[in-house]
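Visitor: A single structure is presented below for examination.
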Amino acid sequence: MNSADHLYVRSAAAAWLASHGEQANFEYTGSAGAPLGSVVDIHWPRGALRVHLDQAVAPVWDDGLEPVLGLGVPVDRDTLIRRWYVHRIRLDSEGTSRRVRIGTEAFARPTEWFALEECEVTERGLSTPAVQRIIQARSAAAPTKWTPGQNTDTAQDTRARELLRKLLYARRTESIALAESVCREIPELAGVSPRLQEQLDAALRSGLLWIEKEVGARRGAVRQPGTGGGREADREGREAVAAC
């Protein structure tokens with residue numbers, strides 16, 4: 001991190017919010033023991049961001065301060081799956097100055113980068129053109145009323161059930177290649193009904209956990225007892241697949 005990056009972030013954020021009619025307040029405290037400038041807290045009447053320029057302060061999700069992560073700040077895949085996306089920040093050198101760019105990272109997708117001028121403030125918080133596409137893709141239409149003998153599955157729902165069955169088959173036949181292929185396809189499937197989307201998310205977490213274990217075992221690694229979260233994700237995934 002450049003020692004003055006927090007000042008460039010403040011200047012750019014203040015100008016950007018002012019262009020949206022918002023006046024911001026800034027804090028750099030972060031937490032005890034963190035170097036000054038590791039974290040920039042940005043507050044305005046309709047929202048708040050916490051910009052993590054390094055790893056000194058761990059991100060906290062869902063506490064009112066939306067995290068924006070520097071390039072070196074890790075994020076686990078479960079968070080990406082659960083939240084749909086996270087924001088990142090980078091500062092590009094331009095002459096003697098630094099230009100802020102905002103990235104949107106989603107599971108199994110490359111991070112898309114945008115100029116600050118392309119971003120918006122919405123009721124969800126910080127938004128980029130990528131966020132708008134992700135929300136549109138993940139938002140399913142309201143389900144139609146079901147009557148006996150009527151199949152209300154959309155093409156996307158049918159494909160979702162097929163992927164769940166393929167993932168179950170991959171695990172039963174211990175095919176890592178097939179499981180990896182399915183896990184790459186699941187995040188790309190859009191417009192699935194809410195209940196099936198929950199099953200897909202659980203199956204994806206479980207499938208990725210199973211792949212990690214199988215790859216480790218085949219490389220001769222000693223299997224370690226799973227954490228409670230890992231066992232829970234695996235159980236949820238197996239139940240989701242079985243319910244298909």
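Visitor: So if we plug the beta-carbon distance of E212 and Q132 into 1/(1 + (r/R0)^6) with R0 = 30 Å, what FRET efficiency do we get, rounded to 0.05? Numbers along the way, then the final one.
Guide: Details: r = 32 Å, r/R0 = 1.08.
It comes out at approximately 0.40.
Visitor: Moving on to the next point. Just the number, please: carbon plus sulfur as a percent of the accessible area of segment 152-196, 1.4 Å probe, no ligands or DNA/RNA counted. Display every interim value, and only then the final one.
Guide: On the way: 1190 of 2370 Å².
Accessible surface attributable to carbon and sulfur in segment 152-196 totals 50 percent.
Visitor: Suppose the chain between R90 and L7 were pulled fully straight at 0.36 nm per residue; how much longer would it get relative to their current alpha carbon spacing?
Guide: Details: separation 83, 0.36 × 83 = 29.88 nm, distance 1.34 nm.
Difference between extended and current length: 28.5 nm.
Visitor: Something else: Using a basic spin-label model with each label point 7 Å from the Cα along Cα→Cβ, how many nm lie between L178 and E162?
Guide: 1.5 nm
Visitor: Quick one: which residues, 5 or more positions from R88 or on another chain, have an amide H under 5 Å from its amide H? H modelled 1.01 Å from N in the peptide plane, none for Pro or chain starts.
Guide: Answer set, sorted by chain and number: L69, G103, T104, E105.
Visitor: Quick one: pull the percent of accessible area on segment 28-70 belonging to carbon and sulfur, 1.4 Å probe, ligands and nucleic acids left out.
Guide: Details: 1090 of 1910 Å².
Percent of accessible area from carbon and sulfur atoms in segment 28-70: 57.
Visitor: What spacing in nm lies between the two simple spin-label points modelled at F26 and F114, each 7 Å away from Cα in the Cβ direction?
Guide: If labels sit at F26 and F114, their model points lie 2.2 nm apart.
Visitor: Give the long-range amide H neighbours of T111: residues separated by 5 or more places, or on another chain, with amide H under 5 Å away, using H modelled in the peptide plane at 1.01 Å from N.
Guide: none
Visitor: How far apart, in nanometres, would the label points at V60 and R101 be if each is projected 7 angstrom from Cα along the Cα-to-Cβ direction?
Guide: Calculated label separation equals 3.2 nm.
Visitor: What net charge do the residues around V100 carry, taking every other residue with its C-beta under 13 Å from that of V100, with Lys and Arg at +1 and Asp and Glu at -1? Intermediate values should be presented prior to the final figure.
Guide: Working: positive: R10, R88, R90, R98, R99, R101; negative: D5, D92, E94, E117, E118.
Counting the neighbours of V100, the net charge comes to +1.
Visitor: Further, regarding this structure: What's the local net charge at E112, with K and R +1, D and E -1, over the other residues with C-beta under 11 Å away? It would help to have the intermediate numbers written out before the result.
Guide: Details: positive: R88, R101, R109, R133; negative: E105, E118.
Neighbourhood net charge equals +2.
The values are calculated or read from the model by the stated rules, or taken from the named source; none is laboratory data. The structure presented is a predicted model; accordingly, all values stated were derived computationally and were not measured. Cβ sites come from the backbone with ideal geometry, for glycine too, and all protein chains shown count toward neighbours. Surface areas here come from the heavy atoms of the whole protein model, side chains and all, with no ligands, DNA or RNA. Shrake-Rupley method; radii C 1.70, N 1.55, O 1.52, S 1.80 Å.
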